[in-house]
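Inspection log for the structure reproduced underneath, given as structure tokens.
The values are calculated or read from the model by the stated rules, or taken from the named source; none is laboratory data. This is a predicted model, so every value here is computed, not measured. Every residue, glycine as well, gets a Cβ built from its backbone with ideal geometry; the counts of neighbours run over all protein chains shown. Accessible surface is based on the protein model in full, side chains and every heavy atom, while ligands, DNA and RNA are left aside. Shrake-Rupley method; radii C 1.70, N 1.55, O 1.52, S 1.80 Å.
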Amino acid sequence: MVAMIKFRGVPLEDTSDIDEVEFDGTFVYGNYIKYGGSAVIVGDALEVGEDRFWPSWWVPVNHKTVEQFTGMQDVNGDDIYEGDIIVSKPTEPKYEPLKIGLVKRSKARAGWCYGTATATGEYNIWTSGKYRTYEIIGNVHDNQELLVEKHA
């Protein structure tokens, strides 16, 4: 069996007639294949050879919506993906406030980070800490309004 990194994407077509597709109403989940300007989320490999790869299913997706699994789960056991909006809760709230931010790949170091846009359009990055818990409250495609900071 070939192990692959999990991805998700917004399908470009109806997936209801495709067996075994994991679809939650917004995203399909599986493996990612990019070719040219197109993207496909595919199921597990049925057959792999020197010059062929045959997945159990495939779904064309909007390439701008393809996001990778971070390897982490939130407090509810849900997988956290790039593009998720999370609330970060300190285990000691008296020392630090809640934070809401977008999960992104860190450009400064290997791994994942989350942050919010400031009033000037810059991006504040905070990395995860061991004294915080995380909960997914939406995603950047359906809940963009959750990322707008309120400024006085």
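Rolling a 1.4 Å probe across all protein chains gives Ser38 an accessible area of roughly 50 Å².
The accessible area of Trp58, taken with all protein chains in place and a 1.4 Å probe, comes to roughly 120 Å². Sorting Thr91, Thr65 on solvent-accessible area from highest to lowest, probe radius 1.4 Å, gives Thr91, Thr65. Would you work out which of Gly25, Leu46, Gly9 lies farthest towards the positive end of the dipole of region 1-55? Charges go on Cβ: Lys and Arg +1, Asp and Glu -1. Of the options given, the answer is Gly9.
Does region 32-112 come out rounded, prolate or oblate, given a ≥ b ≥ c as the square roots of the eigenvalues of its C-alpha gyration tensor, rounded meaning a/c under 1.5 and, failing that, prolate meaning a/b above b/c? Numbers along the way, then the final one.
Numbers: a/c = 3.03, a/b = 2.48, b/c = 1.22.
It is prolate, given that a/c is not under 1.5 and a/b is the larger ratio.
One decimal place: the segment Glu145-Ser56 gains 28.4 nm when fully extended, by the rule 0.36 nm per residue minus the C-alpha distance.
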